[in-house]
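**Student:** Below is the structure I would like to discuss, written out as structure tokens.
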Amino acid sequence: MDVILSIETATTNCSVALGKEGKLLALKEDYNNNYSHAERLHKYIDEILKESGLTPGDLSAVAVSKGPGSYTGLRIGVSAAKGLCFSLDLPLISIPTLTSLALQVDKNAGDFIIPLLDARRMEVYTAGFTSGMEAVFETRAQVLDDTSFLEYLEKGKVTFIGNGVEKFKKICSHKNASFVDGKLPSAAEMVVIASEKFAKKEFEDVAYFEPYYLKDFMAG
């Protein structure tokens, strides 16, 4: 039996979930457009454990969204996860941010799922999946234009999701494109992946694990 705390801070959504054997027990998040991770993350962790009648000692592992995403957000989330793992002697599980975001799309929505996370100007962080969540292209930073993802749009229906959708909607009019607005990565979708990784003992080295930034940090 596994009880796993999942932490998602790659975007403005400060999100914490508790899962048991791949099932969501509880979720706490601040789903808005402002970064609140430094103020809310540890408070959410304490609250979600107390409200679930659990203590830190009941945890089997800690899962964290590894990126790509906000440099500062990822640092806060990973630091908190590593601190818990060190203090409680727990394994650390990392989950690709774009994979959990893609899981928010209904598998019957079409042929492909392409999450888009805003990365300044007309650039996004993206990855591609089939409707069955098999990878079709790896995580990458991509500058958007009217030919972006044409290879997949010509093959079938493509659902785009994430906070990078708004900028792509303005330049993509392909008949096979559909857009899910207003969605950010959430710890809720991390629960099932974390349980699967726990069963396979796919753990990170707590001392050396770093977030997957994809691009160098730029201040401002």
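The values are calculated or read from the model by the stated rules, or taken from the named source; none is laboratory data. If you're wondering where the values come from, they're calculated on a predicted model, not measured in any experiment. No Cβ is skipped: glycine too gets one built from the backbone with ideal geometry, and neighbour counts run over all protein chains shown.
**Student:** Output the residue which, of all residues in the stretch 81-136 that are of a type in the set (Gly, Ala, Ser) and touching a residue at least 60 places away in the same chain (Cβ under 8 Å), is farthest from Asn13 (Cα to Cα).
**Tutor:** Filtering first and then ranking leaves Gly110.
**Student:** A further question on this structure: Run down Asp205, Asp145, Asp181 and say which single residue is modelled with pLDDT under 95 and exposed (fewer than 14 other Cβ atoms within 10 Å of the Cβ).
**Tutor:** Going through Asp205, Asp145, Asp181 in turn, the sole match is Asp181.
**Student:** Yes or no: the stretch 182-199 includes at least one residue that is part of a loop (DSSP other than H, G, I, E, B), farther than 30 Å from Pro91 by Cα and of a type outside the set (A, V, I, L, M, F, W, C).
**Tutor:** Yes, because at least one residue in the stretch 182-199 is part of a loop (DSSP other than H, G, I, E, B), farther than 30 Å from Pro91 by Cα and of a type outside the set (A, V, I, L, M, F, W, C).
**Student:** Now a separate question. Tell me, which residue of the stretch 109-130 that is of a type in the set (A, V, I, L, M) and assigned to a strand (DSSP E or B) is nearest to Thr99 (Cα to Cα)?
**Tutor:** Restricting to residues being of a type in the set (A, V, I, L, M) and assigned to a strand (DSSP E or B), the top hit is Ala127.
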